[in-house]
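Encoded as structure tokens, the structure appears first; notes follow it.
The values are calculated or read from the model by the stated rules, or taken from the named source; none is laboratory data. What you are looking at is a predicted structure, and each value in this text was computed from that prediction instead of being measured. Note that we place each Cβ from the backbone using ideal geometry, even for glycine, and neighbour counts take in every protein chain shown. These area figures cover heavy atoms from the full protein model, side chains too; ligands, DNA and RNA do not enter into them. Shrake-Rupley method; radii C 1.70, N 1.55, O 1.52, S 1.80 Å.
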Amino acid sequence: MLDIIKLLPDSVANQIAAGEVIQRPASAVKELMENALDAGATQIDLVVKDAGKSMIMVVDNGCGMSETDARMCFERHATSKISKAEDLFAIRTMGFRGEALASIAAIAQVELKTRRKEDEVGVKIVNEGSVVKEQTLVPMQPGTTFTVKNLFFNVPARRNFLKSTQAEMRHVVEEFTRVSLMNPNVGFTLTSDGKEIYHLYPGNLKQRIVGLFGSSYEERLLPVSQEAERVRIDGFIVKAEFAKKTRGEQYFFVNKRFIKHAYLHHAIENAYLEMIPQDSFPGYFLNIEVDPADIDINIHPTKTEVNFLDVKLVYAILHAAVRKAIGQHNLSPMIDFEESADLNNDFSTAIGMSTPLAIPNVPLDPNYNPFSQPSTPRDTCRGDGYRPEHSGSPGDWRLLYGERTDLPSEPNEAVEEKTSPRCMQVNQSYIVTAVKSGLLVIDQHLAHSRILFEKYLKELENHNGASQQELFPQAMTLNMNDASLLKELLPELENLGFKLEQLNPTTFMINGTPSDAAGCDALALLEQILDNYKINRTDLQLDRKLNLAKTMASQLAIKPQTRLTEVEMQNIVDQLFACNVAEVAPSGKKIYVILNMEEYFK
Ligand code: ADP
Ligand code: MG
């Protein structure tokens with residue numbers, strides 16, 4: 001019997017390898033542009049025809065190659081970037097495999113022109129299907145130009161597999177974007193079928209983002225910057241209010257290498273949680289700098305995956321960095337309520353006047369006192385409506401004017417009254433009040449769910465939810481699944497004010513409920529909580545605390561079609577604008593709108 005195993009010729013091996021590295025014109029664009037960056041170019045020009053299907057040209061002003069290197073670069077595993085195994089753990093260049101040019105040359109007609117600064121002339125090499133067809137000296141500027149024609153000319157199956165020119169062009173633009181984004185100090189142009197579609201000047205990251213995505217991004221970006229021991233995070237996130245319906249602008253890099261990382265992506269999305277509408281996606285342009293030894297980029301030839309040594313740490317830092325950026329940006333726009341804040345400002349003493357300024361005379365309804373306590377007794381069932389769970393302090397209003405509320409204030413009921421706008425209820429569902437720019441219309445249910453949500457989150461963190469003893473403790477029997485879920489949630493439910501006692505594997509005694517829920521059907525409430533919790537867990541993959549807070553808030557918030565007293569309305573407005581996020585309900589819906597009367601009548 002004859003031996004039948006043979007080594008494949010290089011050209012065939014390269015063609016097979018090319019299948020991995022070069023899937024479409026955009027893959028060649030990426031490899032050529034990254035090589036230009038690795039060569040230290042400060043200007044890189046990309047020219048394509050038919051989305052790169054007929055031609056891709058990359059011109060750079062980088063270090064160039066010697067004549068020998070110019071021939072060598074088409075060999076498989078030929079690289080100047082690493083030379084030994086240890087180098088794999090210190091990679092600072094985009095390339096390192098020495099596979100790209102060998103792969104491209106195996107499936108296309110490639111012309112290389114290159115010249116180093118120290119050489120008088122450049123060299124031109126034509127390589128077709130891994131065979132060198134021509135080598136000549138050429139006059140040229142220092143740098144390198146690769147021209148790739150007729151990609152997949154010898155792999156018809158691949159060529160036929162390509163998508164429409166439009167679709168392939170989208171991939172090309174995407175690669176161009178990824179490479180140019182993280183190298184704002186390098187100038188780039190992209191010309192497609194004779195038309196220049198990008199001309200990016202060297203600058204900073206913000207200018208680069210604006211250059212790529214348009215001038216509207218100028219005011220949409222929030223800077224992110226966070227340094228920890230082995231990790232540094234820099235870049236920009238897009239303000240929550242500009243979240244998009246598609247995943248569009250999500251750019252995440254590690255040491256300037258574009259990567260996809262579902263887990264870390266989650267860290268970012270999670271930081272936005274409750275601030276952007278459901279089914280919208282936050283935009284971001286973030287780079288993580290880590291010691292190359294702390295990551296493994298050697299996972300897949302197309303290299304959009306990276307393994308981190310300590311991914312949990314990176315997650316935490318990333319989450320904190322985004323959180324901080326969002327926090328620093330005041331998400332709730334300042335709302336100027338009609339009544340002037342100046343009335344409350346006793347600046348006469350501050351400027352050294354001996355007699356205080358007279359309070360301007362504003363006509364008042366003498367019977368009106370928005371801050372008198374509600375007469376509703378504490379233990380009333382709130383099934384029929386809303387019982388404010390903690391009295392909104394009059395001081396909360398001053399938050400809207402950016403004043404300090406922790407300073408003791410002159411007790412001056414008349415002035416306090418004047419600074420609080422009056423509210424009106426429409427359709428028993430909306431609270432309407434006048435603000436400088438028009439009418440503020442608040443959805444009472446959404447507003448209250450935001451207030452409760454933040455309150456419950458705090459209680460869950462601080463383990464201090466107020467509880468109300470049940471006069472007649474009830475037993476609750478559940479199926480096995482629900483019972484084990486409830487058991488799992490017991491500590492958190494306790495923090496919210498539930499007092500539950502497990503009698504047997506499926507039966508619990510309800511001895512107490514959160515005081516917000518006093519008088520409600522505790523059994524029905526717990527069942528609803530379990531149901532919602534399950535839905536949120538699978539649909540939104542929320543963590544336990546967020547999920548519980550969200551579920552409780554939506555269950556216990558005042559319902560639409562509920563009559564509110566003036567005081568109750570004012571408490572809601574007070575507390576809403578004292579929330580971290582006043583704009584969006586935990587469900588992702590907008591809580592209020594401002595109707596601009598002037599515009600409306602125009
Ligand atoms: P890798 O980038 O992984 O090293 P490539 O096949 O992409 O492998 O390139 C092989 C080698 O060719 C590089 O290591 C580099 O030395 C050289 N080279 C490629 N492109 C350029 C360029 N634009 N300018 C200078 N040298 C280049
Ligand atoms: Mg390369």
* For residue 254, which sequence-distant residues (separation of 5 or more, or a different chain) have an amide H within less than 5 Å of its own amide H, given hydrogens modelled in the peptide plane? -> 259, 288
* To do: May I ask you to order 54-67, 213-226 by the average number of other C-beta atoms within 10 Å around their residues, highest value first?
  => 54-67, 213-226
* Cβ-placed point charges (K, R +1; D, E -1), dipole of segment 428-523 about Cα centre in debye, nearest 20 -> 340
* To do: Work out from phi, with θ = phi - 60° and the Karplus expression 6.51 cos²θ - 1.76 cosθ + 1.60, the ³J(HN,Hα) of each residue of segment 174-188, listed in order in whole Hz, and give x for Gly and Pro.
  => 4, 5, 4, 4, 4, 6, 6, 4, 8, 10, x, 7, 9, x, 9
* Structure fact -> Farthest towards the positive end of the dipole of segment 226-317, among 282, 293, 314 and with Cβ unit charges of +1 on Lys and Arg and -1 on Asp and Glu, lies the Cα of 282
* In nm, to one decimal, how far is the modelled label at residue 215 from the one at residue 566, with both set 7 Å along Cα→Cβ? -> 5.0
* **Extension gain (nm, one decimal) between residue 191 and residue 141, 0.36 nm per residue minus Cα-Cα** => 16.0 nm
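Note down the magnitude of the dipole of segment 70-201 about its Cα centre, charges +1 on Lys and Arg C-beta and -1 on Asp and Glu C-beta and zero elsewhere, to the nearest 20 debye. Don't skip to the end; give the middle numbers.
Numbers: 19 positive and 15 negative charges, 34 e Å.
So the dipole magnitude of segment 70-201 works out to roughly 160 debye.
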* To do: Have a look at 72, 26, 41 and report the one farthest towards the positive end of the charge dipole of segment 26-124, computed about the Cα centre with Cβ charges (Lys/Arg +1, Asp/Glu -1).
  => 26
* Structure fact -> FRET efficiency (residue 488, residue 324; Cβ distance; R0 25 Å; to 0.05) is 0.20
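Measuring with a 1.4 Å probe in the full set of protein chains, what accessible area per residue, in whole Å², belongs to segment 445-602? Please report the intermediate quantities before stating the final value.
Numbers: 7400 Å² over 158 residues.
Per-residue accessible area for segment 445-602 comes out at 47 Å².
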* Grab the Cα-Cα distance for residue 461 and residue 120, subtract it from 0.36 nm times how many residues apart they are, and report the gain in nm with one decimal. => 115.7 nm
* Asked: Which whole-Hz couplings ³J(HN,Hα) result when phi for each residue of segment 21-32 is put into the Karplus expression 6.51 cos²θ - 1.76 cosθ + 1.60, θ = phi - 60°, listed in order with x for Gly and Pro?
  -> 7, 10, 8, 7, x, 4, 5, 5, 4, 4, 4, 5
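Using the per-residue mean of other Cβ atoms lying within 10 Å as a proxy for protection, in what order, highest first, do the peptides 506-516, 76-86, 184-194, 135-145 fall? Let's see the in-between values first.
On the way: 506-516: 19.3, 76-86: 12.5, 184-194: 17.6, 135-145: 15.5.
Ranking, from highest mean packing down: 506-516, 184-194, 135-145, 76-86.
Using a 1.4 angstrom probe, figure out how much accessible area segment 1-57 has per residue, in square angstrom, rounded to the nearest whole. Don't skip to the answer; put the middle values down first.
Details: 2840 Å² over 57 residues.
Computed with neighbouring chains in place, this is 50 Å² per residue.
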* Rank 155, 182, 167 by how far each Cα sits towards the positive end of the charge dipole of segment 138-185 (+1 on Lys, Arg Cβ; -1 on Asp, Glu Cβ) and give me just the farthest. => 155
* Structure fact -> Carbon/sulfur accessible area of segment 105-243, % of total, 1.4 Å probe, equals 48
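As an exercise, use a Förster radius of 35 Å and the Cβ-Cβ distance of residue 593 and residue 246 to find the FRET efficiency, rounded to the nearest 0.05.
Values: r = 25 Å, r/R0 = 0.70.
After rounding to 0.05, the efficiency reads 0.90.
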* **Built amide H within the under 5 Å cut-off of residue 281, gap 5+** => 244, 245, 246
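Which order do peptides 527-533, 260-266, 492-498 fall in by mean Cβ count within 10 Å, highest first? Display every interim value, and only then the final one.
On the way: 527-533: 17.7, 260-266: 14.7, 492-498: 21.0.
Ranking the peptides 527-533, 260-266, 492-498 by packing returns 492-498, 527-533, 260-266.
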* To do: Using a Förster distance of 45 angstrom, determine the FRET efficiency expected from the C-beta separation of residue 544 and residue 164, and round it to 0.05.
  => 0.45
